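J.: Before we start, here is the structure in question, set down as C-alpha cells.
Where a number appears in this text, it was derived from the coordinates with a stated rule and is not lab data. Treat the numbers as computed from the prediction; the structure is a model and nothing was measured. Positions of Cβ are backbone-derived with ideal geometry, glycine not excepted, and every protein chain shown enters the neighbour counts.
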Amino acid sequence: MIMVLILVSGIWSGCGIEKTDSKKIRDLEYEMIEEDDIPEELQAKIEEKKEADFKLTYESDRYLYIVRGYGEQETGGYSIQILDFYLTQNAIVFDTNLLGPSKDEVKNTAPSFPYLVIRIENQDKNIIFQ
C-alpha cells in the first residue's frame, strides 16, 4: 500500500499546470489575411474543421497564423469581430465575437462557414482563445 502511495504521489508531483497571467502588457498589431494569402497547409486544415466551431494556430518560419471559426451557420451575412488581442507575461489573448446578419440585410439562404485568419510575427507564446 505504501508503494502505491509513493508511486501515485510521484506521478502527481511530476505533472504541473503552468499558470497564465492574464494581465495585459500591451495590445498587439496583426494583419488580416484574405483567403488567397492563406498557406495551402493551413487552408486544408481550415477546410477539415470549418463545419464545427474551431480554434487553431499555424506557424511558418516567420509568422504565426491564428484562426477562429464559428462552424456552419444557416445563412450568409455573418462577420467576426475582434474584441481584444493583447500580450500577457506568458501568452497572447485572442477574443472574438460572431456577429449575425442585420435584420435589414438580404440574407443568402445558403449555409456559411465564417472564420477569421490573422497573422503576426512568430512569437513563442501560448494562445488563449476567449
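J.: Would you kindly calculate the mean projected area, averaged across all directions, of the convex hull enclosing the Cα atoms of segment 29-93, in square nanometres?
T.: Numbers: hull surface 22.1 nm².
Spelled out: convex hull of the Cα atoms, projected over all directions, averaged, 5.5 nm².
J.: Mind giving me the nanometre distance, one decimal, between the label points for N108 and F129, set 7 Å out from Cα along Cα→Cβ?
T.: Computed distance between label sites N108 and F129 equals 2.2 nm.
J.: Could you go through segment 87-93 in sequence order and give the Karplus-derived ³J(HN,Hα) for each residue, using 6.51 cos²θ - 1.76 cosθ + 1.60 with θ = phi - 60°, rounded to whole Hz, and x for Gly and Pro?
T.: Once θ is set to phi - 60°, the couplings for segment 87-93 become 9, 10, 4, 9, 7, 10, 9 Hz.
J.: Can I ask one more? When all alpha-carbon pairs of segment 16-130 are counted, what percent fall beyond 23 Å?
T.: 34 percent
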